[in-house]
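Right, one structure below, let's go through it.
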Amino acid sequence: MRSWSPAAAALMLLVAGTAFGQQRDSPGQQEESILRLPPVQVTTPALELLPRSATPAHVDTLTSGELDRAHPSVLPDALQRLPGVTLENEQGTPFQPNLTLRGFVASPVSGLPQGLSVFLDGVRLNEPTVEEVNFDLIPLEAVDRVEIIRGPSALFGRNTLGGAVNLITRRGEEVREIIPQISAGSFGRVDTRFRLGGTARPFDYFLSFTRTAEDGYRDFTSATVNRVFGKLGFEQGDTDVTVSYQWSKDKLFQAGSLPQSVLNRDRRANLTAGDFFKPELNFAIINAEQRFGESLTANLNAFVRALSVSQFNSNLITANTKLENNTLSSGGGLQLKYRSTIAGLPSLLVAGAEYAWSHVTSRTLEEQAAGSFGTQADLADVQNSYAIYAEHALTLFREFAAPKSSVVLTISGRYDWLRHSIDDRLGGPSGSTDTYSRVNPRVGVNVNFSEGVGAYVAYAQGFRAPAFLELTCAGPGSVCPGLQVGVAPDPPLKAVKAQSFEIGGHARIAPWLRAEVSGYWTDLTDEIFAVTPTGTTGVFFQNISDTRRQGVEASLRGRFGGVVEPYLNYAYTRATFQSRAELATPIPPGTETVQPGDRLPLVPLHRVNFGADYRPWPWLTLTAGAGWVSSQFLRGDESNQQQPLASYWFTRAGASVRWRGLEGFVQINNVLNARYETFGTFAPNGLQPGNPVERFLTPAQPINFLAGLQYVF
């Protein structure tokens, strides 16, 4: 749980910077922010990031307008056009992709190198089961802004190794809006949405309803997504309070990957018909802000979150299994911000504390006869965590090189403490109590040579404590069948530690063109890695002594008179093992030796994407984009001996037409109808005699479209 992640983002980086869209403020506004670090007008629970000239990190921002134009099914779809973001689809449903950034993953699937944190209105969305992120449960239609802050962060806390994704939901605005929307598309998809917002001062309100249903591209992969989100705000004088509530209930049938031999014949095939993921979520958040004059601001955050998940896994080799997880979490935090001057120079001190409690139960049932299941594991975990953090940002020099030049220093630190109390409710040997704690510092400097040219350098540490299911599947003697819990070993897994260096800069090359580049180097100790022994479909986790992520991200953004907005991104990401390790693998003879320099699987070296938005008339917008992802080694081939996943291109195009309050749109994906795969691993093929190990790949969808209408009352 993150007590006030939006504020932390901005202040963590107090020196923080706004993304491209936020930098279009007037020159006077930018000068005041840079030189005086003034109070920032907030809309609870979000605190605006400070200008890029004060951010020692690479930050991207997407606005609600950009999200609406992209018509994404889930959050990763909207982020795909950003530098270095790669999507994989292991589950065979568009609502459960894996998102990779800088070699780290945010995913609904366990067993991946999770290292990205996701927050909604200040609350961590990474599940306490195994730090996974259920993207289908995020109320994207209610999101006003998305901030992507790359690199470890002292103020974002645990699991922020590669970066944090921070979402701030909408509030009702002065002009009341009522927006019904209906759309339909390929594979039997029908979306129905309704949005309502407005004010009755001092109150404001926002409400959204969403229902999505589709038959699915693959056989037996229908999906239904149902969501309600409401938010009530109160703002008067120096007090600002919001209360939000979300209910979600989904059922997603999953196809998974296919053996190469089957994929070559039928890309729609589903060998595990009946697999499903069925979550139900109730989620409430309270955020409050109280300003005490111009110097001191207090932010309070509290939440309650209840998630119930039922999951079925069919298997061609072993017995089918069911998983029933229930999670109840609550917590809160308090953050104080104090603005002052030191020797006449702006200073901002931020300090906070947060606490979270979670009770997780996980029950594994194995099919013993048709329709009859027996309990194989029944575990519970009570998690307690708290953190304290502080940050000081100080402008050291002003006007040292040119008007609006400055040097800003940010120093921050965070102490995290987490305890797992695992109980085997069947009376077996799986009970354990494991405690993890660590202090993580961060320091950064921004040097701004002029209003349009600046650079930064930063050093940070981060860590990730082992999650519940990882601790119960932590060794060859405790292999878990899929996502199910096993036996907690002794000694337990170690926490992951990260050290990261980053340097970057930005420049306005011309009035219509802006460039940004960043380079990073992140070394990890005791990374938690999942492996699958030969002859099984199970998994266990182990620590790897040393791994590394290093790379470069570069982007160009243009704007020609508000008519054409082109973009071009490139990312080089090298994720490697840095120590020798013996790993289990599905590939006979069942073990592989990883050497320093071997690349981690499913992390492409190169990624390029480009596109443009074109508005020839105020009522018409045309969009087009394309991207190329280089080859990747398959999971299970950590020693890099097998044929990699082939590189591929992805394309998209769209158009929207507006007339008064009516808007029509169409979005086309995979315009060239290319055949490619985004995920690959190795597993026994239960359709063949002797269950030979084969490449298993997940096919991307062919050309598909979504078209719809909405009306703004």
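The values are calculated or read from the model by the stated rules, or taken from the named source; none is laboratory data. These numbers come from a predicted model, not from an experiment. Ideal geometry is used to build each Cβ from the backbone, glycine not excepted, and the neighbour counts take in all protein chains shown.
Data overview
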{"quantity": "Test result for Ala707, assigned to a strand (DSSP E or B), within 21 Å of Phe95 (Cβ to Cβ) and either touching an Asp or Glu at 6+ places or on another chain (Cβ under 6 Å) or not aromatic (Phe, Trp, Tyr) (or both)", "calculated": "yes"}
{"quantity": "Total residues in the stretch 215-241, condition farther than 24 Å from Leu334 by Cα, touching a residue at least 40 places away in the same chain (Cβ under 8 Å) and acidic (Asp, Glu)", "calculated": "1"}
{"quantity": "Cβ-Cβ under 6 Å pairs, at least 6 apart or on other chains, the stretch 538-554 side within 30 Å of His506 (Cα to Cα), far side of a type in the set (A, V, I, L, M, F, W, C)", "calculated": "Thr547/Leu524; Thr547/Phe577; Arg549/Ala575; Gln550/Trp521; Glu553/Ala571; Ala554/Val517"}
{"quantity": "Boolean, Glu131 is within 17 Å of Gly680 (Cβ to Cβ) and either modelled with pLDDT of 95 or more or not hydrophobic (A, V, I, L, M, F, W, C) (or both)", "calculated": "no"}
{"quantity": "Per-region count, the stretch 663-685, residues acidic (Asp, Glu) and under 23 Å from the mean Cα position of the chain (by Cα)", "calculated": "1"}
{"quantity": "Subset tally (residues that are surrounded by fewer than 17 Cβ atoms within 10 Å (Cβ to Cβ) and more than 21 Å from Val408 (Cβ to Cβ)) for the stretch 340-354", "calculated": "1"}
{"quantity": "Test: residue in the stretch 604-623 that is within 25 Å of the chain's Cα centre (by Cα) and of a type in the set (Lys, Arg)", "calculated": "yes"}
{"quantity": "Among the residues listed as Asp191, Asp121, the single one being touching a residue at least 60 places away in the same chain (Cβ under 8 Å), in contact with a Gly (Cβ under 8 Å, 6 or more places away or on another chain) and either among the charged types (D, E, K, R) or surrounded by fewer than 23 Cβ atoms within 10 Å (Cβ to Cβ) (or both)", "calculated": "Asp191"}
{"quantity": "Given (1) in a loop (DSSP other than H, G, I, E, B); (2) in contact with a Leu (Cβ under 7 Å, 6 or more places away or on another chain); (3) more than 19 Å from Leu263 (Cα to Cα), number of the condition Leu687 does not satisfy", "calculated": "(3)"}
{"quantity": "Test for Leu263: is it closer than 19 Å to Asp204 by Cβ and of a type outside the set (Phe, Trp, Tyr)", "calculated": "no"}
{"quantity": "Test for Glu147: is it closer than 23 Å to Arg635 by Cα and not β-branched (Val, Ile, Thr)", "calculated": "no"}
{"quantity": "Top-ranked residue of the stretch 402-430 - restricted to ones that are surrounded by 15 or more Cβ atoms within 10 Å (Cβ to Cβ) and not in a strand (DSSP E or B), ranked as modelled with the lowest pLDDT", "calculated": "Ser430"}
{"quantity": "Subset tally (residues that are among the charged types (D, E, K, R) and within 20 Å of Arg171 (Cα to Cα)) for the stretch 279-327", "calculated": "2"}
{"quantity": "Residue check, Val382 assigned to a strand (DSSP E or B), more than 27 Å from the chain's Cα centre (by Cα) and modelled with pLDDT of 95 or more", "calculated": "no"}
{"quantity": "Residue within the stretch 166-183 that is within 11 Å of the chain's Cα centre (by Cα) and either of a type in the set (Ser, Thr, Tyr) or crowded, with 20+ Cβ neighbours inside 10 Å (or both) present", "calculated": "yes"}
{"quantity": "Test for Leu524: is it surrounded by fewer than 18 Cβ atoms within 10 Å (Cβ to Cβ), among the hydrophobic types (A, V, I, L, M, F, W, C) and outside any loop (DSSP other than H, G, I, E, B)", "calculated": "no"}
{"quantity": "Selection status of Gly198, crowded, with 16+ Cβ neighbours inside 10 Å and modelled with pLDDT of 95 or more", "calculated": "yes"}
{"quantity": "Some residue of the stretch 210-220 being surrounded by fewer than 17 Cβ atoms within 10 Å (Cβ to Cβ), modelled with pLDDT of 95 or more and among the hydrophobic types (A, V, I, L, M, F, W, C)", "calculated": "yes"}
{"quantity": "Meets criteria (closer than 22 Å to Pro83 by Cα, among the small types (Gly, Ala, Ser) and in contact (Cβ under 8 Å) with a residue 40 or more places away in the chain) for Ala515", "calculated": "yes"}
{"quantity": "Residue in the stretch 137-152 that is touching a residue at least 12 places away in the same chain (Cβ under 8 Å) and touching a Pro at 6+ places or on another chain (Cβ under 7 Å) present", "calculated": "yes"}
{"quantity": "Matching strands (runs of 3 or more DSSP E) fully within the stretch 116-221 where at least 2 residues are within 30 Å of Trp417 (Cβ to Cβ)", "calculated": "116-120, 143-150, 163-169"}
{"quantity": "Residue in the stretch 434-447 that is closer than 30 Å to Gln376 by Cβ and of a type outside the set (D, E, K, R) present", "calculated": "yes"}
{"quantity": "Long-range neighbours under 9 Å by Cβ, at least six apart or interchain, first residue farther than 13 Å from Leu252 by Cα within the stretch 72-95, second assigned to a loop (DSSP other than H, G, I, E, B) and small (Gly, Ala, Ser)", "calculated": "Glu88/Ser107; Asn89/Ala700; Glu90/Ser107; Glu90/Gly256; Glu90/Ser257"}
{"quantity": "Hits in the stretch 672-713 - residues which are of a type in the set (S, T, N, Q) and at positive phi", "calculated": "Asn673, Asn691"}
{"quantity": "Residue match in the stretch 325-339 (condition: hydrophobic (A, V, I, L, M, F, W, C), in a strand (DSSP E or B) and surrounded by 21 or more Cβ atoms within 10 Å (Cβ to Cβ))", "calculated": "no"}
{"quantity": "Residue tally, condition small (Gly, Ala, Ser) and either farther than 21 Å from Arg339 by Cα or not in a strand (DSSP E or B) (or both), over the stretch 385-401", "calculated": "3"}
{"quantity": "Condition check for Arg695: in contact (Cβ under 8 Å) with a residue 12 or more places away in the chain, buried (at least 21 other Cβ atoms within 10 Å of the Cβ) and basic (Lys, Arg)", "calculated": "yes"}
{"quantity": "Residue list for the stretch 264-283, filter: surrounded by fewer than 16 Cβ atoms within 10 Å (Cβ to Cβ) and aliphatic (A, V, I, L, M)", "calculated": "Ala273"}
